[in-house]
């Protein structure tokens with residue numbers, strides 16, 4: 001009984017994070033579904049790493065501004081706690097993450113189409129490696145940045161404040177509204193790009209939403225959660241080629257909601273289990289289970 005009481009107590013503490021996690025994961029999965037159809041999966045790896053670099057640069061500026069504006073004469077332990085809690089939050093890391101993600105997108109577009117198509121995958125991986133190297137060099141400039149490096153890559157949902165979780169949740173809900181409102185237009189564009197290739201020019205509305213969601217997710221939940229949310233459920237469920245689009249989206253939604261929630265609760269039950277990897281694995285397991293549909297064979301009776 002004490003274990004259940006402890007679980008309910010933890011759920012009351014992390015209630016907003018528990019609500020935000022499946023909302024953001026679902027928005028990412030619906031975006032990832034389009035990115036897969038448009039052949040932009042590898043390009044998204046470059047964009048995500050670019051966003052990670054931008055978030056680190058935003059934190060670096062926060063460190064610089066905080067160090068010049070703070071009082072270093074006394075209260076070092078308290079100031080250190082404030083330092084740690086304020087660096088990753090705020091608008092600056094999100095804006096720089098979005099800006100560098102946009103530049104990475106434009107660069108990766110040139111690498112995809114303005115050269116020999118057979119060289120495009122290697123060129124995109126080259127861009128990813130260079131951006132990762134720049135991220136690590138940036139993190140090495142300050143010990144404060146090094147402490148945030150693992151959070152940017154692997155995330156930690158349990159450290160989100162209520163304000164951060166609510167902000168991410170509201171923005172995720174609005175993004176889901178945009179995905180629903182423009183679903184037919186963006187689905188048509190994804191289909192045309194999948195069939196006709198780059199001769200079709202998509203609208204910028206989807207690209208901007210994808211860049212925003214990626215930057216938001218990386219800032220608060222990390223690169224692992226972002227890439228897992230974008231591609232695990234969409235790619236696994238795409239193996240069921242007999243499904244209609246509506247059935248595919250239904251399974252996608254169920255896999256995200258069940259997998260992310262169960263993974264988050266599992267990390268609360270076992271405190272040593274890291275939260276973001278648990279959510280990613282939960283989504284993978286739920287998607288794998290939803291791959292298999294029990295088929296009821298029709299019995300034929302001979303008269």
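The values are calculated or read from the model by the stated rules, or taken from the named source; none is laboratory data. As the structure is a computational prediction, the values presented were derived from the model and not from experiment. Note that we place each Cβ from the backbone using ideal geometry, even for glycine, and neighbour counts take in every protein chain shown.
Can you tell me which of (1) in contact with a helix residue (DSSP H, G or I) (Cβ under 7 Å, 6 or more places away or on another chain); (2) more than 17 Å from residue 61 (Cα to Cα) is the one residue 106 doesn't meet?
(1)
In the stretch 216-247, what count of residues is obtained for those that are in a helix (DSSP H, G or I) and free of Cβ contacts under 8 Å to residues at least 40 places away in the same chain? Don't jump to the end; show me each part of the working.
Narrowing the stretch 216-247 to residues in a helix (DSSP H, G or I): 216-221, 223-237, 245-247.
Next, from what is left, pick out any that are free of Cβ contacts under 8 Å to residues at least 40 places away in the same chain: 246-247.
Looking only at that region, the number is 2.
Going by the structure shown, is residue 251 outside any helix (DSSP H, G or I) and more than 15 Å from the chain's Cα centre (by Cα)? Before you say what the answer is, go through the steps one by one.
Details: outside any helix (DSSP H, G or I): no; more than 15 Å from the chain's Cα centre (by Cα): yes.
It is false that residue 251 is outside any helix (DSSP H, G or I) and more than 15 Å from the chain's Cα centre (by Cα).
Quick one: in the stretch 176-190, of everything that is closer than 17 Å to residue 24 by Cα and touching a residue at least 60 places away in the same chain (Cβ under 8 Å), which residue is surrounded by the most Cβ atoms within 10 Å (Cβ to Cβ)?
179
If I filter the stretch 269-285 for residues that are over 15 Å from the mean Cα position of the chain (by Cα), over 15 Å from residue 28 (Cβ atoms), assigned to a helix (DSSP H, G or I) and modelled with pLDDT of 95 or more, do I get at least one hit?
yes
Look through 133, 120, 101 and report the one residue that is closer than 13 Å to residue 52 by Cβ and surrounded by 13 or more Cβ atoms within 10 Å (Cβ to Cβ).
Values: 133 fails: surrounded by 13 or more Cβ atoms within 10 Å (Cβ to Cβ); 120 fails: closer than 13 Å to residue 52 by Cβ.
None of the other options fit; the residue is 101.
So which of 24, 45, 64 is modelled with pLDDT under 95 and either part of a helix (DSSP H, G or I) or under 23 Å from residue 91 (Cα atoms) (or both)? Even if it seems obvious, please write down each step before you answer.
Values: 24 fails: modelled with pLDDT under 95; 45 fails: modelled with pLDDT under 95.
Answer to the check: 64.
Within the stretch 190-209, track down each residue that is modelled with pLDDT of 90 or more and within 14 Å of residue 37 (Cα to Cα).
190, 206, 207
In the list 118, 77, which residue meets the criterion of being farther than 25 Å from residue 155 by Cα, at pLDDT below 90 and not in a loop (DSSP other than H, G, I, E, B)? Can you show your working first?
Values: 77 fails: farther than 25 Å from residue 155 by Cα.
Among 118, 77, only 118 is farther than 25 Å from residue 155 by Cα, at pLDDT below 90 and not in a loop (DSSP other than H, G, I, E, B).
So in the stretch 127-162, with the set limited to residues that are assigned to a helix (DSSP H, G or I) and free of Cβ contacts under 8 Å to residues at least 12 places away in the same chain, which one is nearest to residue 39 (Cα to Cα)? Steps first, answer last, please.
Here is the first cut: in the stretch 127-162, the residues assigned to a helix (DSSP H, G or I) are 127-139, 143-154, 157-159, 162.
Cutting the leftovers down to free of Cβ contacts under 8 Å to residues at least 12 places away in the same chain gives us 129-130, 133, 137, 143, 146, 150, 159.
Values: 129: 20, 130: 22, 133: 25, 137: 30, 143: 38, 146: 34, 150: 29, 159: 34 Å.
Here the answer is 129.
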